[in-house]
Amino acid sequence: MQSQVFFLEQIVVDLLIAMGYGGGDAARGQVTGRSGDGGIDGTIREDALGLDEVYVQAKRNKDGNTVGEGDLRNFAGAIDAAGTTKGVFVTTADFTRAAREYVSRSPKRIILIDGAELARLMVQHGIGVRTRVQEVKQIDEDYFDQEAI
C-alpha cells in the first residue's frame, strides 16, 4: 500500500505542475511524503528562488470514506509549521461539510480537491490519459457522381 500512496502523491505533484504551478517546471515539484513527513506529502516552489511554496497533502480513501475537519486542522498546522500559508489537500474520496466549512473560515489558503475533481483535472491537463485518434470513414459522394458523366 505504501507504493500506492506514494504514487498518488506523485500524481498530485505532476498535476499541479501541469496546471502551471511552479511555472510548469517539473524540477520545482517534489514528493516529500514518507513516515514522519509532518503532514506534508509534496511541495511546489512557485518561483525559481523558492520564496513561495505550495504544500500538498494527498489522501487515498476508499469511496464512501471522507476527510474530516480534523485532517484539515492537522494540515493547516503542518503548513503553518513550515512557514507558509498555501496548501492543496487532495483526496480520492470526498470531504465532510465540516471540513469544507473549516477551510472557508481558515486564514490559510487551502484548496480542496475531491476524487471527482481530481479525475476531471487529470483528464483536462493530460495526466494519466492518452489521446487516441480514430479514423472515421464516410461515403465520398463525389466519387459516385462519376456515374452522371
>> Can you say whether Gly39 is under 17 Å from Val13 (Cα atoms), open to solvent by 30 Å² or more (accessible area, probe 1.4 Å) and not aliphatic (A, V, I, L, M), as far as the supplied structure shows?
In response: no
> How many residues, within region 74-99, are surrounded by fewer than 20 Cβ atoms within 10 Å (Cβ to Cβ) and within 19 Å of Val54 (Cα to Cα)?
Replying inline: 10
>> Could you tell me how many of the residues in region 90-100 are part of a helix (DSSP H, G or I) and in contact (Cβ under 8 Å) with a residue 12 or more places away in the chain?
In response: 3
>> Residues that are at pLDDT below 95 and closer than 17 Å to Met122 by Cα, at least 2 per element: which strands (runs of 3 or more DSSP E) completely within region 1-65 meet that?
In response: 53-59
> All but one of (1) at pLDDT 95 or above; (2) within 21 Å of Lys108 (Cα to Cα); (3) not hydroxyl-bearing (Ser, Thr, Tyr) hold for Ala82; which doesn't?
Replying inline: (1)
> Is at least one residue of region 108-129 among the acidic types (Asp, Glu), surrounded by 12 or more Cβ atoms within 10 Å (Cβ to Cβ) and either at pLDDT 95 or above or within 16 Å of the chain's Cα centre (by Cα) (or both)?
Replying inline: yes
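The values are calculated or read from the model by the stated rules, or taken from the named source; none is laboratory data. Because the structure is predicted, anything quoted here is derived from the model rather than measured. Here Cβ is always computed from backbone atoms with ideal geometry, including for glycine, and neighbour counts include all displayed protein chains. For accessibility, only protein heavy atoms count, side chains too; no ligands or nucleic acids. Shrake-Rupley method; radii C 1.70, N 1.55, O 1.52, S 1.80 Å.
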